[in-house]
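**Q** After the structure tokens below, expect a handful of questions from me.
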Amino acid sequence: GVAPFPLTKKGQEQIKIQAERLKEARVATIFASPVLRCQQTAQVVAQVLNQAKKISQTGGVKVKTNNHLIEWTSKFDGQVREKVFQRPLADYNQGFEPQEKVLGRMKNFVQMVLKKYSGQKVLAISHQGPIDLLLASLQNKDTSQMPGQDMTTPLAGMIRVGFDQKVKILELERFRAG
């Protein structure tokens, strides 16, 4: 992604509100993209959940970085956000990681969770594009017609997924995180 930019104060407050709703979920582990905003989001959520359990950070919900959850990679990686957004829109259509690769790594993440964290509740904090692609695939939707990376819409969301014999979406909620 573009050069890291932090979660705003408004975003932190929005995440705290959403994290309050997870208190009863008994999340064991939080996985987060290595991107700064996701790491900060994960830390805020862990703090809220650990306060609810009255447990210190070392004994409570753990935050683990997982590179499978990173946003779409592109030729813009490491560039200053303001400069990237000054480019013509047509530039965004070239140089992005192929959808098949993004979907593959997101599916690999799900398989790892199923294998290593069976029976536990985990929270994954990632980015809109990769999550949308994974959700479309899990819902057996045609992903070939999906738009690519949307660098202009900062959204966060909570998705509850159930794993029985098949993966199914139980709940999907999106909210803006400034």
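The values are calculated or read from the model by the stated rules, or taken from the named source; none is laboratory data. Just so we're clear, the structure is a prediction, and the values are computed from it rather than from any experiment. Heads up: the accessible areas ignore ligands, DNA and RNA and are worked out on the full protein's heavy atoms, side chains in. Shrake-Rupley method; radii C 1.70, N 1.55, O 1.52, S 1.80 Å.
**Q** Can you sort Lys23, Lys121 by solvent-accessible area, 1.4 Å probe, largest first?
**A** Numbers: Lys23 75, Lys121 115 Å².
So the residues, ranked largest to smallest area, are Lys121, Lys23.
**Q** In the stretch 2-48, what percent of the accessible surface is made up of carbon and sulfur (1.4 Å probe, ligands and nucleic acids excluded)? Walk me through the intermediate numbers first.
**A** Details: 1290 of 2330 Å².
That share works out to 55 percent.
**Q** What ranking of Ser126, Ser118 comes out by heavy-atom accessible area, probe 1.4 Å, highest first? Spell out each step's value before the answer.
**A** Values: Ser126 20, Ser118 95 Å².
Heavy-atom accessible area, descending, gives Ser118, Ser126.
**Q** Still on this structure, I have one more. Full-extension gain between Met112 and Glu24, please, as 0.36 nm times their residue separation minus the C-alpha to C-alpha distance. Intermediate results must be reported in sequence, preceding the final value.
**A** Numbers: separation 88, 0.36 × 88 = 31.68 nm, distance 2.42 nm.
Computed gain between Met112 and Glu24 is 29.3 nm.
**Q** Right, something else. If the limit is 26 Å between Cα atoms, which of Lys16/Lys101; Lys62/Lys107; Lys23/Lys64; Lys10/Lys101; Lys23/Lys141; Lys10/Lys62 go over it? Please list the in-between numbers first.
**A** Values: Lys16/Lys101 32 Å; Lys62/Lys107 22 Å; Lys23/Lys64 19 Å; Lys10/Lys101 33 Å; Lys23/Lys141 32 Å; Lys10/Lys62 24 Å.
Lys16/Lys101; Lys10/Lys101; Lys23/Lys141, as the Cα separations exceed 26 Å there.
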